[in-house]
Amino acid sequence: MPTYVLGKDTPETWKQSLADSPAPWVTFVAKHAILHVRRGTVAQITDPKPLTEWWDKAMELQDDLVALERFAPERVVPDIQISAGFMHSGYPFMCFINPSEADIVDLQKLSTKGNWGFFHELGHNHQRTDWTFPGQTEVTVNLFSLYCMEKLVGLPRGTGHGSIKDLHGNMAKRLANPPNMGAFEQLAPFMVLIQAHGWEPIRSTLRSYAQTPASGDIPSKQNSFVIRYGQAAKVDVSDFFTKLGYPVTAETKQALKGFPVFTYAPPAPAGK
C-alpha cells in the first residue's frame, strides 16, 4: 500500500507512492505511531510530515507523563466494526471509520480541538495497576487526555470534554454520601490537585513508578500513591484522600507531617 515514512519520505516520494500502488488503504509511519486510513481520506494531504510529527508529539507527551521507555510505535486502525466501545485501546488502538477515521488525519482539527477519545485510548496503553485502583480504569486514563489537551493542543487547563466543565459539581457528587463513583466524578479530585499544584507533582508521582514500582496489596499501593504525591507536591494530602475513601494509615500521615495541609474548599454559591 502507499506508505509515507517520517524522516525518509518527501512530498515527492509520497506522491510517487500513491501513483505506484492502487491499494485502497495507505500508511503513515511516524517514529512513535503508525496510522492506517483509506486512500480517499488523505486525498488532500500532499505532505504528511506535519501530521506525523503531531502524532509523535502526542505520544511523546503521554510517554513523558509516566516515564515510559518506548520500544515500538502505537498503531491506529479505523474499521467498520470493532470489538468494543466507541473506540478501544490495545495494539492497534481502534475506532470506527464513521465518524472517527477522518479525524485521524485532520491536522487542523487535531491541532485546535484535539481528540479526547484518541488521547483516552492511548492513555489506556500507558496505565499501571500501581496507581490505577479498582474502579479507576476509566478515571486515571483521562489524565492523559487532560495532559495532551493542555500541553499539545493548548486548551485551558481542565477543559476538553463536556463532562468536566462543572468541576465543583463533580466534586460535590464525589464527596456525597453515598459518593458518586462515576468516571468524571472520580476524575474531579485529580483535577482539583492539578488546579492547585500544577502538573509537576502528579507527573513526578506517576514517573516515580518507572524506577520504583509499588508493592503489596491495594491498600498499600493506595498509601504509597498518597505519600508519593504529597512529597512531590510538598503538601499533606492525607485528609483529602481519606475523605475520598482511601485507607490512609498513621504511617502515611506521619510521612507527610510537616507539610502544609491541603484542604479542598468549594467556591461559595454565587451571590453569597
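Considering only residues that are out of contact with any Phe, Trp or Tyr (no Cβ under 9 Å at 6 or more places or on another chain), of a type outside the set (Val, Ile, Thr) and open to solvent by 50 Å² or more (accessible area, probe 1.4 Å), which ones fall in the stretch 85-132?
Within the stretch 85-132, GLY85, TYR91, ASN98, PRO99, ALA102, ASP106, GLN108, LYS109, LYS113 qualify.
Of all residues being within 19 Å of the chain's Cα centre (by Cα) and of a type in the set (Lys, Arg) in the stretch 36-73, which is surrounded by the most Cβ atoms within 10 Å (Cβ to Cβ)? Just the residue, please.
The extreme case among them is LYS57.
Cβ-Cβ under 9 Å, sequence separation 6+ or interchain: first residue in the stretch 204-231 and at positive phi and in a loop (DSSP other than H, G, I, E, B), partner of a type outside the set (Ser, Thr, Tyr) and modelled with pLDDT of 95 or more. Which pairs?
GLY216/ASN223
Taking GLN127 as the residue in question, decide whether it is out of contact with any Lys or Arg (no Cβ under 7 Å at 6 or more places or on another chain), polar (S, T, N, Q), assigned to a loop (DSSP other than H, G, I, E, B) and at negative phi.
Judged against the criteria, GLN127 is a match.
Using beta carbons and a limit of 7 Å, which pairs, at least six apart or on different chains, have the first residue in the stretch 122-149 and among the acidic types (Asp, Glu) and the second one open to solvent by 10 Å² or more (accessible area, probe 1.4 Å)?
Listed by first residue and then by second, the contacts come to ASP130/PRO213; ASP130/ALA214; ASP130/LYS221; GLU138/ALA183.
Can you confirm whether HIS161 is of a type outside the set (Asp, Glu), crowded, with 19+ Cβ neighbours inside 10 Å, in contact (Cβ under 8 Å) with a residue 12 or more places away in the chain and more than 23 Å from PHE240 (Cα to Cα)?
No, not satisfied.
Just need a number here: residues in the stretch 150-164 that are within 14 Å of the chain's Cα centre (by Cα) and either closer than 16 Å to ARG203 by Cβ or part of a loop (DSSP other than H, G, I, E, B) (or both).
So the answer is 8.
Return the residue satisfying two criteria in turn: it lies in the stretch 59-114 and is among the charged types (D, E, K, R), in contact (Cβ under 8 Å) with a residue 12 or more places away in the chain and part of a helix (DSSP H, G or I), and of such residues it is nearest to HIS161 (Cα to Cα).
Across the stretch 59-114, the extreme among qualifying residues is LYS113.
Just to be sure, is GLU200 under 23 Å from the mean Cα position of the chain (by Cα), free of Cβ contacts under 8 Å to residues at least 40 places away in the same chain and surrounded by 16 or more Cβ atoms within 10 Å (Cβ to Cβ)?
No; evaluated as a whole, the condition is false for this residue.
What number of residues within the stretch 1-45 satisfy the criterion of being among the hydrophobic types (A, V, I, L, M, F, W, C), touching a residue at least 24 places away in the same chain (Cβ under 8 Å), farther than 21 Å from LEU122 by Cβ and in a loop (DSSP other than H, G, I, E, B)?
Looking only at that region, the number is 2.
Within the stretch 22-35, take every residue that is at pLDDT 95 or above and open to solvent by 30 Å² or more (accessible area, probe 1.4 Å) and give me the one that is farthest from PHE96 (Cα to Cα).
Among them, the one singled out is LYS31.
If you go through the stretch 168-197, how many residues are touching a residue at least 40 places away in the same chain (Cβ under 8 Å), touching a Leu at 6+ places or on another chain (Cβ under 9 Å) and open to solvent by less than 20 Å² (accessible area, probe 1.4 Å)?
The total comes to 8.
The values are calculated or read from the model by the stated rules, or taken from the named source; none is laboratory data. On a predicted model such as this, the values are computed, not experimentally measured, just so you know. Heads up, the Cβs are rebuilt from the backbone with ideal geometry, glycines too, and the neighbour counts pull from every protein chain shown. SASA here: full protein model, heavy atoms, side chains in, ligands and nucleic acids out. Shrake-Rupley method; radii C 1.70, N 1.55, O 1.52, S 1.80 Å.
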